[in-house]
Amino acid sequence: MAWVHQVCGRLESRYRYSTRLVYNNYPWPEPTDKQGVSVEEKAQAVLNARAQFPSATLAELYDPLAMPPALVKAHTELDRAVDLCYRSQPFTSERQRVEFLFALYDKLTAPLLPAVKPKRTRKKA
């Protein structure tokens, strides 16, 4: 969501998702096999937590004031597992996370940019 907050457009107060702008440009990590398994397990735990409330809508489940504690816990653990795919130390703030993601984006896209030729300067006569 930190990436979405910075990159995504808005329509009124809602986010306007764009595959070209938001998702295709997201700097995905390169997790180890162990990290990948951990993320899969934590993602399944989110689905399992949702399944505990079969009659609830997503809007009800994700109401910030009434989100079930089991779902909050499952998402927190999933977030930690994903963070560990990027680096071994947890992020201390959303700002730090966004700065890291943009730096990674720059690193990943730098080889795609054309080489810039230095401008010639004219000698004054």
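Values as computed for the structure displayed
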quantity: Estimated 222 nm signal from helices in the chain, with DSSP H stretches of n ≥ 4 weighted -39500 (n - 2.57), rounded to 500; calculated: -16000 deg cm²/dmol
quantity: Accessible solvent surface per residue of the chain, calculated while the other protein chains remain in place, 1.4 angstrom probe, Å²; calculated: 83
quantity: On Cα atoms only, tilt of 94-109 relative to the major axis of the chain in degrees; calculated: 50
quantity: Using alpha-carbon coordinates, inclination of helix 69-86 to the longest axis of the chain, degrees; calculated: 30
quantity: Loop sites in region 1-56: chymotrypsin sites (Phe, Trp or Tyr not before Pro), DSSP, at most 14 other Cβ within 10 Å; calculated: Tyr17
quantity: Karplus (6.51, -1.76, 1.60) ³J(HN,Hα), θ = phi - 60°, over region 51-61, in Hz, Gly and Pro reported as x; calculated: 5, 5, 10, x, 8, 7, 7, 4, 4, 5, 5
quantity: Rounded percent of accessible protein surface that carbon and sulfur make up, the chain, 1.4 Å probe; calculated: 57
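The values are calculated or read from the model by the stated rules, or taken from the named source; none is laboratory data. Please read these numbers as outputs of a predicted model, since none were measured by experiment. Neighbour counts are summed over all protein chains in view; Cβ atoms, including those assigned to glycine, are modelled from backbone coordinates with ideal geometry. The accessibility values were calculated without ligands, DNA or RNA, using every heavy atom of the protein model including side chains. Shrake-Rupley method; radii C 1.70, N 1.55, O 1.52, S 1.80 Å.
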